[in-house]
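These notes are about the structure you will find just below.
The values are calculated or read from the model by the stated rules, or taken from the named source; none is laboratory data. As the structure is a computational prediction, the values presented were derived from the model and not from experiment. Cβ placement follows ideal geometry from the backbone for every residue including glycine, while neighbour counts extend to all protein chains displayed.
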Amino acid sequence: MIASSSEIARDLQEPVFDLTLEPGSAEKHYWLDLWRYRELFIILAMRDISVRYKQTVIGAGWALIQPVLTMVIMTIVFGKVAGLHSDGAAPYPVMVFAAMLPWMFFSSALSSASQSMIGNANLISKVYFPRLIIPASSVVTSFADFVVSLLLLIGLMSWYRFPPSWNLLALPVFIGIAFLAALGLGLFITALNVKYRDFRYVIPFLIQFGLYATPVGFSSTVIREKLGEKFFLLYSLNPMVGVIDGFRWAILGKNSPIDIRSFYLSLLVVALFLGLGISYFRKTEQGFADII
Amino acid sequence: MSGQAVISVENLGKSYRISHQAEHQRYVALRDVLTDKLKGLSRFRGRRHARPLTEDFWALKDVSFDVRQGEVVGIIGRNGAGKSTLLKILSRITEPSKGRVRIKGRVASLLEVGTGFHPELTGRENIFLNGAILGMTRAEIKRRFDEIVAFAEVERFLDTPVKHYSSGMYVRLAFAVAAHLEPEILIVDEVLAVGDAEFQKRCLGKMQRVADGGRTVLFVSHQLPAVRALTTRGLLLGVGKLVRDGSTSEVLNAYSSSLSEQNAHEASHARPSWAIPLIKRVLLKDKHGDETKHIALGSGCTIEVVIDGMQRRLKKPVLGLVVNHSMHGPIAGVNTRMKPPGSPWQPLSSGILTATFRELPFVQGRYLIDIWVGDGSRDLDTLPGALVLEIVPDDVYGSGMIPFDTHGPVLLRPDWQIEARC
């Protein structure tokens, strides 16, 4: 076939495009795009944090009052009324608070992530960015509260003259696991919540239920003692069991030995939910702008 | 313009799945999914259940075009023509279902003014937030911060939460951020519809400068004068397809004639549901009584409306006319109640109602006339856009010059006077 000279000239000038949009194209550059939009991610998280602390009159106070009151109630109900024992020589309130930290972070991350897409519906239908940013930034916002209550723990420990051990150095690892657990399940719930608009009625119940299925107000050794070894492993399928045991091990030191099998089991479930959450979110993400 | 193509659209298509069962709801309820599943389980074999009918609806189909660097392209079309879908695909909000788009350079799309603005945050915080949402880096925003603030004229309120802003300030700030984006390609939707006239003018000026700076602009608007003023090329979309691609004036003409033709064609369908179809025919005649479509500038015409009321008898027949301009919308209206006929109209059930104008006070252009027929104070029938009237240039002033149609549709014929004073 002989191309005319003008056709050749046109071929030579064929411009180089740097973005191609076709069915399924967003999948290809997903992680690269996520990196490109990191500034937006930071700014959205900052926005949520600053709005949160501006809106409540007591501001940061709220992040302090809530866990303290819950800790007091739990200490009374489980420590005094039910008469459960603490981990080793650790004061009951400190043991409860060590678990309150990751639990409050986890539950507030789940509930705010699940609302985040609908709360930002106008953004989603007007601007492009990897949608993952939105629930992820609301997890970060809950993390700000977590940091505030971490300071409270320090106060509590000095009040009870309970010095930390070297285990404390491992705390960032468990914080990381708590973060991934919240993100994985959060993404999953967020995607479900966009797709099935009535799913949001289920979420508060799930969190309420989770509070009792998680060793927040009592030690996880109580479960093993009262319900047996087999049940304890089943119990460890709750990803927060491993996270909370890890927190207690790091904060309470040798008073709270960690069961390594149960910890790995929880870790496995965290990884599973993270993978499932990301893949389900990405699968439904494409249609968000069309259905939101 | 010999820039190279920066946007290449090939056979682009976008389909949405629509369900006939639940047309008004876009999302699914988990409850419904579960009950459907349960119903499916409990149902015995043999009884076939009619599945909810779903169907693919193509909002955009087989659209192809190239945009070269530095071109300013207006995208026009009626509602539902696919303009918004096209913009959403170009700005990556939604993925195409077919075909592909290739883009060179950074795209910023402005589908709304103030996307992501948060009322609790201050003006300063919102500038950074909105800038990041529109795709600016923090460094860029910092660099242009003063310019943005100056353009928006909000210096004194920078640290006030925007919930205390007046709506004018809010819009100014939002547009200022967007106007200082420095993308290679700017996509703008109907955002100029907000704000006062003065501000709109400034925005148009700003966009003009963006375009003059050699950047590529895609502009969607229903304000045809703005499209005419800003763009050099037009794309006309109709029901998901690219109908016309050419110079702005060519495409705008095609658009307004397609509008009027469609209106004339669809006149019988455009009747509101309450209307009783009394109007049978509408005729336009020139001053000599010949049927025509063109009226010379400054000249008169006659409009004849043939009605047939069948059994219905109109006790006090009323005729009303509304003149619509293809860009300015309705511009004039009159009826026989406000300006009664020389001798009162007698009751009738069928006949011809005539309106004669000695002179039409409109400049050259295309006009659509809505016809109304009533009985006393009650409207019985109407035909929107029943008549297409084209006023053609004529030497109405005897000077060899005709009025500017850019200054509005009204024909003025003043008597001038001059009086010298020493």
### Message
Need the failing condition index for residue B:91 against (1) more than 7 Å from chain A (Cβ to nearest Cβ); (2) within 23 Å of the chain's Cα centre (by Cα), just the number.
### Response
(1)
### Task
Working carefully through the options A:156, A:151, A:211, find the one that is closer than 22 Å to residue A:63 by Cβ and surrounded by 18 or more Cβ atoms within 10 Å (Cβ to Cβ).
A:156
### Summary
Out of (1) farther than 15 Å from residue A:153 by Cβ; (2) touching a helix residue (DSSP H, G or I) at 6+ places or on another chain (Cβ under 8 Å), the one residue A:252 does not meet is (1)
### Tabulated pairs, the stretch B:101-128, first within 29 Å of residue A:54 (Cα to Cα) and more than 7 Å from chain A (Cβ to nearest Cβ), second of a type in the set (D, E, K, R) and surrounded by fewer than 19 Cβ atoms within 10 Å (Cβ to Cβ), C-beta under 8 angstrom, 6+ apart or interchain
B:119/B:163; B:122/B:159; B:123/B:159; B:124/B:159
### Message
Looking only at the stretch A:179-194, count every residue that is within 12 Å of chain B (Cβ to nearest Cβ) and of a type outside the set (A, V, I, L, M) and tell me the total.
### Response
1
### Residue that is among the charged types (D, E, K, R), within 14 Å of chain B (Cβ to nearest Cβ) and not in a loop (DSSP other than H, G, I, E, B), where the choices are A:261, A:248, A:282
A:282
### Query
With (1) farther than 23 Å from residue A:218 by Cα; (2) away from every other protein chain (no Cβ under 14 Å) as the list, and residue A:119 as the residue in question, which single condition is left unmet?
(2)
### Message
With the requirement that a residue be in a helix (DSSP H, G or I), without any contact (Cβ under 8 Å) to a residue 60 or more places away in the chain and more than 30 Å from residue B:111 (Cα to Cα), what does the stretch A:80-123 give you?
### Response
A:80, A:81, A:92, A:97, A:104, A:108
#### Entry: Members of the stretch B:359-380 found to be over 25 Å from the mean Cα position of the chain (by Cα) and surrounded by fewer than 21 Cβ atoms within 10 Å (Cβ to Cβ), listed by number
B:359, B:360, B:361, B:374, B:375, B:376, B:377, B:378, B:379
### Query
Is there any pair with a first residue in the stretch B:179-192 that is assigned by TED's automatic domain parsing to the domain that holds residue B:140 and a second that is assigned to a loop (DSSP other than H, G, I, E, B) and at pLDDT below 80 whose Cβ atoms are under 7 Å apart and which are 6 or more apart or on different chains, and what are they?
B:189/B:111; B:190/B:221; B:190/B:222; B:191/B:112; B:191/B:113; B:192/B:221; B:192/B:223
### Message
Can you go through B:154, B:113, B:162 and tell me which one is touching a strand residue (DSSP E or B) at 6+ places or on another chain (Cβ under 9 Å), crowded, with 21+ Cβ neighbours inside 10 Å, assigned by TED's automatic domain parsing to the domain that holds residue B:204 and of a type in the set (A, V, I, L, M, F, W, C)?
### Response
B:162
### Message
Please pick out the residue among A:99, A:144, A:82, A:113 that is over 30 Å from residue B:85 (Cα atoms) and surrounded by 22 or more Cβ atoms within 10 Å (Cβ to Cβ).
### Response
A:99
### Message
Yes or no: the stretch B:313-333 includes at least one residue that is in the same structural domain as residue B:281 (by TED's automatic domain parsing), touching a Leu at 6+ places or on another chain (Cβ under 8 Å), loosely packed, with under 14 Cβ neighbours inside 10 Å and at pLDDT below 90.
### Response
yes
### Summary
Residues in the stretch B:328-374 that are in a strand (DSSP E or B), of a type in the set (A, V, I, L, M, F, W, C) and under 30 Å from residue B:258 (Cβ atoms) total 12
### Per-region count, the stretch A:195-223, residues away from every other protein chain (no Cβ under 14 Å) and free of Cβ contacts under 8 Å to residues at least 24 places away in the same chain
4
### Residue under evaluation residue B:183, criteria (1) within 12 Å of chain A (Cβ to nearest Cβ); (2) assigned to a loop (DSSP other than H, G, I, E, B); (3) under 20 Å from residue A:37 (Cβ atoms), criterion not met
(1)
### Task
Answer yes or no as to whether residue B:281 is surrounded by fewer than 19 Cβ atoms within 10 Å (Cβ to Cβ), closer than 20 Å to residue B:369 by Cβ and at pLDDT 80 or above.
yes
### Task
State whether one or more residues within the stretch A:171-185 are at pLDDT 85 or above and more than 21 Å from residue A:136 (Cα to Cα).
yes
### Message
On the basis of being surrounded by fewer than 20 Cβ atoms within 10 Å (Cβ to Cβ), touching a residue at least 24 places away in the same chain (Cβ under 8 Å) and more than 14 Å from chain B (Cβ to nearest Cβ), does residue A:254 make the cut?
### Response
yes
